[in-house]
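I'd like to ask you about the structure that follows.
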Amino acid sequence: MRKRKIFSMLLVVVLIVSMFTNAFLFGPLIIISRAGPGDISESWYNETTLNVTVLQLEPRINWYDFQYNQSGAWVSKRNAQIDVNNSAEYRFIVNISSDQGWDDIEYINITSWHDGGGESSTYNQTAGGNLNMYLQYENTTGTANYNMLWPDDEVTKGTMTETVVSDPAGSPGNTECHNITFSFIPGYQFKYAPGDGSWDNTTNTTNDVWSWNFNISVIDSGESAPGPSTTWIIDEFGVYSYTEIVSAGWPTITGNPGQNATADSNISINTRSNGNYSLSVLVDDLVNKNNPIYTISNESIWVRGGNLATSSNYTGSGPLYLYGSASTYESAESNDTSKTTSNVEYKCNIPLGQHAGDYNATIHYHLKTQT
């Protein structure tokens, strides 16, 4: 019994010694530490963000232009003059965004009008002709259509293109953005518009008189409150003058000496002018084709037609005017791409004793557009 007690005591002593030996040789078996080496007063965490998406109810016109097709390259003609030779192609181009989705866009209307020397924010209420144009993108059925509501043959409708693009300023999950182009070819008598002499390139304005103004309006469906809305811009461009005598008939007169002989039939003159105009005619002296010593003075020639209702003869003081005068002009045609004057009548007061034979003379027509 005593030996057991002595053995137990020795075992306890060995364990105690072992604890101290491990502590010195290998480090403590149990480590007690304290949280935080000192006071902590602040802490920041910047790994999350607050996301807010702002959606506009109305559509946005991001940019636009009016351009000319120059051998396949489109060149801006906004605040500049354009040609109207019935072949030059032009287009309106506009970039539009909708935060409500593209289905919300129902109409894109482009109205353009000759300002008549003043300024107005809308077309002059005369549908069609050489003074107004109305192009429309219609998107109410899910299939977009390009329509030229007016004019008729004064402008040739081209093609429409629609391209889906990204709006860098919009919300990728909500905003839809499209480029839309409307092309057309103006006719010969598309109204002349020189501007006021100094084109102002200020964007989104109309401040040059004697120009063509245009309005691009975007109309949505109004499915979101407060209802349908319209976004619009206005600007302008000019038009060069165009003047052309397309054709003129050849009058033929047969008569006897002493007779005021009338041509076999009236002739037609086809002209083109996109501004106010005058049209005059001057005939040289008639010369015998076989024997030039025989002539008939042009003062024996009588003409009527156009606005010259009564036959008048040359008196040596200058041409005869079918429209306008040396100082006045006929108003520009409001419709069509040319004007046909079909009532031009010639007469010749053949002098007594005039030598027989065929006589001819050059006829000079002069069409002038007021600039």
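Treating only the Cβ of Lys, Arg, Asp and Glu as charged (+1, +1, -1, -1), what charge dipole size does region 153-231 show about its Cα centre? Round to the nearest 20 debye.
Roughly 140 debye for region 153-231.
Further question: With a/c under 1.5 counting as rounded, go ahead and sort region 56-190 into rounded, prolate or oblate using the C-alpha gyration tensor (a ≥ b ≥ c being the square roots of the eigenvalues; past the cut-off, prolate if a/b is larger than b/c, else oblate).
Cα axes put region 56-190 in the prolate bin.
Taking the alpha-carbon distance from K339 and a cut-off under 13 Å, which aspartates and glutamates remain once sequence neighbours fewer than 8 residues away in the same chain are dropped?
E154, E244, E330
What is the magnitude of the charge dipole of the chain about its Cα centre, with +1 placed on the Cβ of each Lys and Arg, -1 on the Cβ of each Asp and Glu, and no other charges, expressed in debye to the nearest 20?
Dipole size: approximately 2120 debye.
Could you order H114, H364 by accessible surface area, starting with the largest, using a probe radius of 1.4 Å?
H364, H114
With a cut-off of 8 Å between alpha carbons and a minimum separation of six or more residues, what is the relative contact order of the chain in percent?
16 percent
Okay, next question. Pop the C-beta distance of S327 and V164 into the FRET formula with R0 = 41 Å and round what comes out to the nearest 0.05.
0.10
Next question. Top to bottom by accessible area (1.4 Å), largest first, where do K157, K191 land?
Result of the area sort, largest leading: K157, K191.
A further question on this structure: Rounded to the nearest 500, what is the 222 nm mean residue ellipticity of the chain from helices alone, with -39500 (n - 2.57) per DSSP H run of 4+ residues and division by all residues?
-2500 deg cm²/dmol
State the Kirkwood hydrodynamic radius of region 174-297 in Å, one decimal place, computed from all pairs of distinct Cα atoms.
21.1 Å
Follow-up question, since we're still on this one. Among (1) 44.0, 185; (2) 24.6, 71; (3) 21.6, 65, which is the computed Rg and Dmax of the Cα atoms in Å?
Among (1) 44.0, 185; (2) 24.6, 71; (3) 21.6, 65, the one calculated here is (1).
Could you rank T141, T203 by how accessible they are, 1.4 Å probe, largest area first?
T141, T203
Taking the full set of protein chains and a 1.4 angstrom probe, give the accessible area of E162 in square angstrom, rounded to the nearest 10.
Approximately 70 Å² of E162 is accessible to the 1.4 Å probe.
Evaluate E = 1/(1 + (r/R0)^6) for A356 and A248, where r is the Cβ-Cβ distance and R0 equals 25 Å; express this FRET efficiency to the nearest 0.05.
Taking R0 as 25 Å, the efficiency between A356 and A248 is 0.35.
So what is the relative contact order for region 98-235, in percent, with contacts set as C-alpha pairs under 8 Å and at least six apart?
So the answer I get is 29 percent.
Still on this model: Find how much the distance from E42 to S297 grows on full extension, using 0.36 nm per residue of separation minus their present alpha carbon separation; answer in nm with one decimal.
80.5 nm
How big is the Kirkwood radius of region 305-358, worked out from every pair of different alpha carbons and given in Å to one decimal?
Hydrodynamic radius (Kirkwood, Cα only) of region 305-358 equals 14.2 Å.
Using R₀ = 30 Å, calculate the FRET efficiency as 1/(1 + (r/R₀)^6) where r is the Cβ-Cβ separation of D196 and Q56; round to 0.05.
It comes to 0.25.
The values are calculated or read from the model by the stated rules, or taken from the named source; none is laboratory data. Given the structure is predicted, the values throughout are model-derived calculations rather than measurements. Every residue, glycine as well, gets a Cβ built from its backbone with ideal geometry; the counts of neighbours run over all protein chains shown. Calculation scope for accessible area: heavy atoms of the full protein, side chains included, ligands and nucleic acids excluded. Shrake-Rupley method; radii C 1.70, N 1.55, O 1.52, S 1.80 Å.
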